[in-house]
1. Ranking B:Glu22, B:Glu115 by Cβ neighbours within 10 Å, fewest first, what do you get?
2. Given a Förster distance of 41 Å, report the FRET efficiency between B:Ser83 and B:Lys171 from their Cβ-Cβ distance, rounded to the nearest 0.05.
3. Determine the shielding of peptide B:163-175 by partner chains: average, over its residues, the number of Cβ atoms on other chains within 10 angstrom of each Cβ.
4. On a full-extension model of 0.36 nm per residue, what is the gain between B:Ala182 and B:Glu22, subtracting their alpha-carbon distance, rounded to one decimal in nm?
5. List the residues whose amide H sits under 5 Å from the amide H of B:Arg158, counting only those 5 or more places along or on another chain, with H placed 1.01 Å from N in the peptide plane.
6. When Cβ neighbours within 10 Å are restricted to other protein chains, what is their mean count per residue of peptide A:61-73?
7. Given R₀ = 35 Å, FRET efficiency for B:Ala30-A:Ser70 by Cβ-Cβ distance, to 0.05?
8. So who's got an amide H within less than 5 Å of the one on B:Arg35, skipping anything under 5 residues away but keeping other chains? H placed 1.01 Å off N, in plane.
Amino acid sequence: MSVDGALGFESDYVKNREKQIRQQGAWTWPNVYDPQGFAGVMRRLNVSGYGLVLIAPDGKVLGKGIRMDSVEPMLDRLFTAAK
Amino acid sequence: MIKDLSIAFAAFMTLIPAGQSETIRIPMKACRLTRPARIDIKIDKKGNPSINQKPDFQLVWKGSVTVDRESFDIYLPRAGSYSLKNTAKDDGDLYNTSTLISIDSNHDGRLTEDEGWFANLPIRIGDKMFEAVQIAPNGNSVELKPSAKPLSGIVVGRKIPPFAYKSRDGKSVTQDTYKGKAVLLDVWSVT
């Protein structure tokens, strides 16, 4: 899932941008909004806008600030451990 | 003897269990460690962003606090002054001017860029929340008090804190929505 830190998420611009991207077929996961933007995300999650967070099935956080090139190895380890 | 008593008292103060309302005073000792800085973004006049990784910054004060019988090292950066206040309009990490307190959440002796907590916001240590009450001007002590705020903040090795968001089509997404499934969470912006 993605958390959009854009303020003014009800604006037409933001609505249209999301619609455009979804129509391209590349966005299939839920996108949610923090009504206070990145400031709200910082308060609630203490996450900057860069890097991914990987959460295990039991809710435990496995990684934070993960760069794209590190995601696959972490997912491999997670799914291997699950077998 | 007075010096020994004050050291013993300071050590005792750091062992007060969290959950009590008393302020916890953490004496800090000089140290030398570095940690990655957060990414710096500059927007030019045309609105084009440039992303820069700032050089590592130095951590020069180290203390220890026990929460739920687990000891955590906390650090302060080198700074001309320390502040509990954010003078920027935004609490986002790009703009927040309050002191970034680093906490070694996974006890590995290294601080990563995700182990920082701004002093003006609630600070998660273990599975408890705290508020920074005071940072000594010279950095040799930090005072925290247990916070009544709900658990927040993503910490590697800990359970995700409760959250509730809505998608554009009105669907509610919480920490339980994907229970039993792995989740890749991406914080970003469409704008």
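1. Ranking B:Glu22, B:Glu115 by Cβ neighbours within 10 Å, fewest first, gives B:Glu22, B:Glu115.
2. Calculated transfer efficiency: 0.55.
3. Mean partner shielding for this stretch: 5.
4. 53.7 nm
5. For B:Arg158, whose amide H was placed from the backbone, the distant partners under 5 Å are A:Val61.
6. Neighbouring Cβ atoms belonging to other protein chains average 4 per residue here.
7. 0.55
8. Residues meeting the amide H criterion: B:Phe57, B:Leu59.
Since every read-out is calculated from the coordinates, none of them should be taken as a lab result. Small disclaimer: the values here were computed from a predicted structure and weren't measured. Cβ atoms come from the backbone with ideal geometry, glycine included; neighbour counts cover every protein chain shown.
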